[in-house]
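Colleague: Handing you this structure, nothing more for now.
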Amino acid sequence: MNQRNTLPLLVREPVVLTVICVNGLALFLDAFPRVHTQAGHLIQWIDFGFLLYFLVEIIIKVRHWRSFKQYASDPWNMFDFIIVMLSTPAAFSLLFPVGAENLGIITILRLARILRLIRPLRLVPDGDKILRGVIRALKASVGVMLMLVFLNLILSMAATLLFGGIPEAREFFGNPFYSMYSMIKIFTVEGWYEIPEVLAERGVSDGYILGLRIYVAFAVLICGIFGLSIANAVFVDTLVADNSDDLEEKVDRLHKELQEFRAEAARWRARE
């Protein structure tokens, strides 16, 4: 019998999923400014109770698996453990209030609580298969992505040299970092024409605008259309390769069985 099926009722999947959903509802309500102002402290204490439940869940499961090593041998258990541990520091903002001057820390702690809502992803049907496909696709896409990164770097440095000296263009190409951000926007083919239009409105000479438009069009064509299309094609093809492998295996098996059938039929004809 699967060890998960022998877990105590308190920490079985339906109960845990229900608790996660209720916890998610509480965090969703807390995201509304009016609710947070009126009942934020109460919701924090409720969320703290959920956190204690998840910690108790881990302890019970470790005892059920008889050791942390056995517990961690299940990748999904380790996934749950990491998520809960990452969201645990959020409790310190309740037990040890952080001053308003540390608003950034408060925001990070509040965001960490949301990590617990990632846990139901492992209950997605065929989640293991999808995850393996995504990992395989990411590995296959590394080369294409590196190529796009280098192209972005080269085009950004060239844009800085060509257009960064224009006072009106420093917002977009004043240094390589500004240029990289501008080129990424151009790569996505979303509003790629806006930068030349903005500079034209600012009175930049027609010669510079023409050169910039040619440069932007080149970047869109090479990286935005061809580059991203190739990256998408490689990613999707590798993602569904698992299904293709299964089909190829079935075809090979059928071909082998057909050959065996023909050989057997030939033997029977020879005997006749």
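The values are calculated or read from the model by the stated rules, or taken from the named source; none is laboratory data. These numbers were taken from a predicted model, which means no experiment stands behind them. Cβ: placed from backbone, ideal geometry, glycine included. Neighbour counts: every protein chain shown.
Colleague: How about segment 169-217: which helices (runs of 4 or more DSSP H) wholly inside it have at least 1 residues that are at positive phi, surrounded by 16 or more Cβ atoms within 10 Å (Cβ to Cβ) and polar (S, T, N, Q)?
Modeller: Helices (runs of 4 or more DSSP H) meeting the threshold: none at all.
Colleague: Consider ALA159 carefully, then state whether it is out of contact with any Leu (no Cβ under 6 Å at 6 or more places or on another chain) and within 26 Å of ILE230 (Cα to Cα).
Modeller: Considered against the rule, which asks whether it is out of contact with any Leu (no Cβ under 6 Å at 6 or more places or on another chain) and within 26 Å of ILE230 (Cα to Cα), ALA159 comes out as yes.
Colleague: Also: Is at least one residue of segment 202-211 modelled with pLDDT under 75, of a type in the set (A, V, I, L, M, F, W, C) and assigned by TED's automatic domain parsing to the domain that holds LEU151?
Modeller: No, the conditions are met nowhere in segment 202-211.
Colleague: Could you tell me whether any residue of segment 178-195 is in contact with a helix residue (DSSP H, G or I) (Cβ under 6 Å, 6 or more places away or on another chain), closer than 30 Å to ILE135 by Cα and of a type in the set (D, E, K, R)?
Modeller: No: segment 178-195 contains no residue that is in contact with a helix residue (DSSP H, G or I) (Cβ under 6 Å, 6 or more places away or on another chain), closer than 30 Å to ILE135 by Cα and of a type in the set (D, E, K, R).
Colleague: Still on this structure: State whether the residues of segment 220-239 include one that is surrounded by 15 or more Cβ atoms within 10 Å (Cβ to Cβ), over 30 Å from ILE135 (Cβ atoms) and either of a type in the set (Lys, Arg) or in contact with a Phe, Trp or Tyr (Cβ under 8 Å, 6 or more places away or on another chain) (or both).
Modeller: Yes, because at least one residue in segment 220-239 is surrounded by 15 or more Cβ atoms within 10 Å (Cβ to Cβ), over 30 Å from ILE135 (Cβ atoms) and either of a type in the set (Lys, Arg) or in contact with a Phe, Trp or Tyr (Cβ under 8 Å, 6 or more places away or on another chain) (or both).
Colleague: Separate question: Output the number of residues of segment 46-70 satisfying the condition of being more than 19 Å from LEU115 (Cβ to Cβ), part of a helix (DSSP H, G or I) and either touching a Leu at 6+ places or on another chain (Cβ under 8 Å) or touching a residue at least 12 places away in the same chain (Cβ under 8 Å) (or both).
Modeller: 2
Colleague: Can you tell me which residues in segment 15-36 are charged (D, E, K, R) and either over 21 Å from VAL84 (Cβ atoms) or at pLDDT 85 or above (or both)?
Modeller: The answer is ARG34, and nothing else.
Colleague: Looking only at residues that are surrounded by 15 or more Cβ atoms within 10 Å (Cβ to Cβ) and of a type in the set (Val, Ile, Thr) in segment 47-66, which one is farthest from MET85 (Cα to Cα)?
Modeller: The selected residue is VAL62.
Colleague: Sticking with this structure for a sec: Is at least one residue of segment 15-23 buried (at least 17 other Cβ atoms within 10 Å of the Cβ), over 28 Å from the mean Cα position of the chain (by Cα) and under 22 Å from TYR71 (Cβ atoms)?
Modeller: There is no residue in segment 15-23 that is buried (at least 17 other Cβ atoms within 10 Å of the Cβ), over 28 Å from the mean Cα position of the chain (by Cα) and under 22 Å from TYR71 (Cβ atoms).
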